[in-house]
Amino acid sequence: MSRISSLWRRTFGIIKEHVGTDHFGNKYFSIPEQKTWSGRTVRARRMVEPANPTESEYEEGNIPSEWDAWMRGRRKLPPTPEELQQNTRYREQIKLQALQVEQRDQALQAQEYEEGLVARPTQTLIKGHASSTHYAPAQTGEEPVSTANTFHPGSWTPPGGDTSKK
């Protein structure tokens with residue numbers, strides 16, 4: 001019965017109030033608290049109609065954080081366009097400042113390397129590892145090398161030694 005009543009309410013009784021649209025094209029609606037015909041109170045809800053309704057095409061970040069906070073009830077009023085622009089400018093400033101700090105750090109690090117205050121990190125060549133771009137030729141040595149598939153107990157003899165027991 002609740003499905004029928006919710007369908008009826010959606011069809012005839014729901015009043016959606018458009019509160020805003022973000023720069024992605026998503027539309028945000030508020031549904032005020034309502035009373036059903038039986039006297040039951042239906043609490044207020046907030047919803048979004050995505051600009052891209054296919055769920056498989058949704059990516060994280062398609063809803064701005066200000067609108068997400070409003071949707072989840074962490075803020076009472078929806079964000080204003082001025083607030084959204086101000087926050088976008090602030091994020092861009094933070095990115096620029098982080099880039100400047102990184103460049104200063106790299107310059108300071110290069111200066112320390114030149115002055116000999118800091119040792120340069122050692123560069124190692126990975127040989128024969130799957131993450132290596134090229135493999136070095138196999139090196140033969142006197143150490144026993146085997147894998148679990150090819151090793152047979154007692155098959156290795158020490159180099160230049162006598163295999164007989166004394």
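The values are calculated or read from the model by the stated rules, or taken from the named source; none is laboratory data. Please read all numbers here as calculations on a predicted model, not as lab measurements. Cβ coordinates were reconstructed from backbone atoms using ideal geometry, including for glycine residues, and neighbour counts include every protein chain displayed. Ligands, DNA and RNA are excluded from the accessible area calculation, which covers all protein heavy atoms including side chains. Shrake-Rupley method; radii C 1.70, N 1.55, O 1.52, S 1.80 Å.
Couplings 3J(HN,Hα) for segment 75-85, derived from phi with the Karplus relation 6.51 cos²θ - 1.76 cosθ + 1.60 (θ = phi - 60°), are 9, 7, 9, x, x, 8, x, 5, 5, 5, 5 Hz, where x marks Gly and Pro. Rolling a 1.4 Å probe over the protein heavy atoms leaves E92 with an accessible area of roughly 90 Å². Rounded to the nearest Hz, the phi-derived 3J(HN,Hα) couplings of segment 31-47 under the Karplus curve 6.51 cos²θ - 1.76 cosθ + 1.60 (θ = phi - 60°) are 10, x, 4, 9, 10, 7, 5, 8, x, 6, 8, 9, 5, 5, 9, 10, 8, where x marks glycine and proline. Please list the non-local residues whose amide H lies under 5 Å from the amide H of N52, H modeled 1.01 Å from N, same-chain partners needing a gap of 5 or more. Placed amide hydrogens put nothing under 5 Å from N52.
The H on the amide N of G20, modeled in the peptide plane, is under 5 Å from the matching H of Y28, each at least 5 residues off or on a different chain. Of the chymotrypsin sites (Phe, Trp or Tyr not before Pro) in segment 19-103, the ones in a loop by DSSP (not H, G, I, E or B) with at most 10 other beta carbons within 10 Å are W37. Under a 5 Å amide H cut-off, with hydrogens placed 1.01 Å from N, V42 pairs with Q34, K35, T36 among residues at least 5 apart or on other chains. Residue-wise HN-Hα couplings along segment 106-118, as the Karplus relation 6.51 cos²θ - 1.76 cosθ + 1.60 with θ = phi - 60° gives them from phi, are 5, 5, 5, 5, 5, 5, 5, 5, 5, 7, x, 6, 10 Hz; Gly and Pro carry x.
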